[in-house]
Amino acid sequence: MASTTGMRGGGFYDAHSSGQRAAMDEFLPWMVEAMADLPLPARGSPIALLDLGSSEGANAIHAVGAIIKALRERTSADIWTFFDDLPTNDFNQLFANLFPDQTPTSRTAGIYPAAVGGSLFERVAPASSLDIATTFNAVGWMSALPATPLRQFISPSPPAQRAFREGVSVTPEERAAFTQHAREDILSFYRSRAAELKPGGKLLVQVFGRNDEHNTANGIIDGLSDAMLDMVEDGRLTRDVYENFVFPVFYRSLPELLPPSGESGEPTAFRVDKAEARECRVPFNEEFARSGDSRAWAGSYAGFIRAFSEPVFTSGLPNTPDRPQLIDELYARMANRFEADPERYEFHFISLGALLTRV
Ligand SMILES: C[S@@+](CC[C@H](N)C(=O)[O-])C[C@H]1O[C@@H](n2cnc3c(N)ncnc32)[C@H](O)[C@@H]1O
């Protein structure tokens, strides 16, 4: 079973993902520029583009639109645009975004959108069928949770030093088990894409991660963990719930994201054209710096986190009649903590990007 059912649907993710859009935009230009020398299929054959982990679609459609614009400078060939996500994703909202005026004829000439349900750690397209593949803010979600429990924290990324709390920790052994799992996930991802892409095909992989200075986890995970522990202390959640809960995201470093170089025994299917870790702009941090309004910052920050984490809490908390209220309370407590102590929950979005060519 996948480690999440997807993002919060009904337009909520789209409305609270300007951070992910900014992180995507750091590296999208690499793929746009790469369209200048993409090998084009024979005349009359379509170009196939697959985006993996598209969610409700607003950001994915923005990315795919930019790539199509670059392709149209070279060719009027038909283009398949495939949008993949887990089968539990809100694909209705994705189609609402693809057809904003709700008529099936609103699509741009020569562009054929389709949805694909399936895990990006597996094959989701026929062999050698794709010219272009992209994925944004998605490969950090683990395929499943390793068997190793985390009793003293909710993530394999340890808490930030500034967010110290008695009894909260991650051991090196726990971290190692998750690192190994994340390694296997990324190898499965590259193996699948290697099979699906044509020789010369382009792959852009972007995801939240960490660099030597900051980890995107800090702030997000510290806020969620603190809110849960506050609820344990107040008798609103049992300690058992905390000890059995793991937020199923692995925040990689750039080397942990890259495909095998050949030295590890895995065949090299990709050439790495460019790869970088960048700290990217966070719209709600910029607004806070302008206005100094910590309440507004806390509300936007909590909404951003809720959009991608709520479904994990829906399946991670016991199915009691008051679960929806407990989830509301969790996010309200987290937002209150953000407002009261912005420094403890300081947020840095480290975006990792790699542009690869199938050799
Ligand atoms: C944070 S959203 C990113 C959405 C969009 N790409 C963006 O950048 O705004 C992560 C998406 O990855 C999807 N996802 C997580 N694990 C996945 C998997 N194994 N296979 C396919 N999609 C997955 C989630 O369902 C979710 O829609």
- Note on the structure: The lone condition R239 fails out of (1) among the basic types (K, R); (2) in contact with a Ser or Thr (Cβ under 6 Å, 6 or more places away or on another chain); (3) without any contact (Cβ under 8 Å) to a residue 24 or more places away in the chain is (2)
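On the given criteria, is R72 within 12 Å of the ligand (Cβ to nearest atom), basic (K, R) and surrounded by 15 or more Cβ atoms within 10 Å (Cβ to Cβ)? Outline the logic, then answer.
Working: within 12 Å of the ligand (Cβ to nearest atom): no; basic (K, R): yes; surrounded by 15 or more Cβ atoms within 10 Å (Cβ to Cβ): yes.
No.
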- Are any of the residues in the range 163-170 small (G, A, S) and under 24 Å from F308 (Cβ atoms)? yes
- Given the conditions (1) within 16 Å of the ligand (Cβ to nearest atom); (2) of a type in the set (A, V, I, L, M); (3) touching a helix residue (DSSP H, G or I) at 6+ places or on another chain (Cβ under 6 Å), and given that A60 satisfies all but one, which numbered condition is not satisfied? (3)
- Item | Every residue from the range 29-50 that is in contact with a Gly (Cβ under 9 Å, 6 or more places away or on another chain) and within 16 Å of the ligand (Cβ to nearest atom) | W30
- Note on the structure: Within the range 314-348, the residues that are part of a helix (DSSP H, G or I), surrounded by 15 or more Cβ atoms within 10 Å (Cβ to Cβ) and at pLDDT 95 or above are L326, I327, E329, L330, Y331, R333, M334, A335, N336, R337, F338, E339
- The lone exception for S157 - which of (1) polar (S, T, N, Q); (2) surrounded by 15 or more Cβ atoms within 10 Å (Cβ to Cβ); (3) over 17 Å from the mean Cα position of the chain (by Cα); (4) part of a loop (DSSP other than H, G, I, E, B) it fails: (3)
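Any residue in the range 81-100 that is away from the ligand (no atom under 16 Å from the Cβ) and either more than 23 Å from V359 (Cβ to Cβ) or in contact with a Ser or Thr (Cβ under 6 Å, 6 or more places away or on another chain) (or both)?
For the range 81-100, residues away from the ligand (no atom under 16 Å from the Cβ) and either more than 23 Å from V359 (Cβ to Cβ) or in contact with a Ser or Thr (Cβ under 6 Å, 6 or more places away or on another chain) (or both): present.
The values are calculated or read from the model by the stated rules, or taken from the named source; none is laboratory data. Keep in mind that this is a model prediction, so the values were computed, not measured. In this analysis, Cβ positions are derived from the backbone assuming ideal geometry, glycine residues included, and neighbour counts consider all displayed protein chains.
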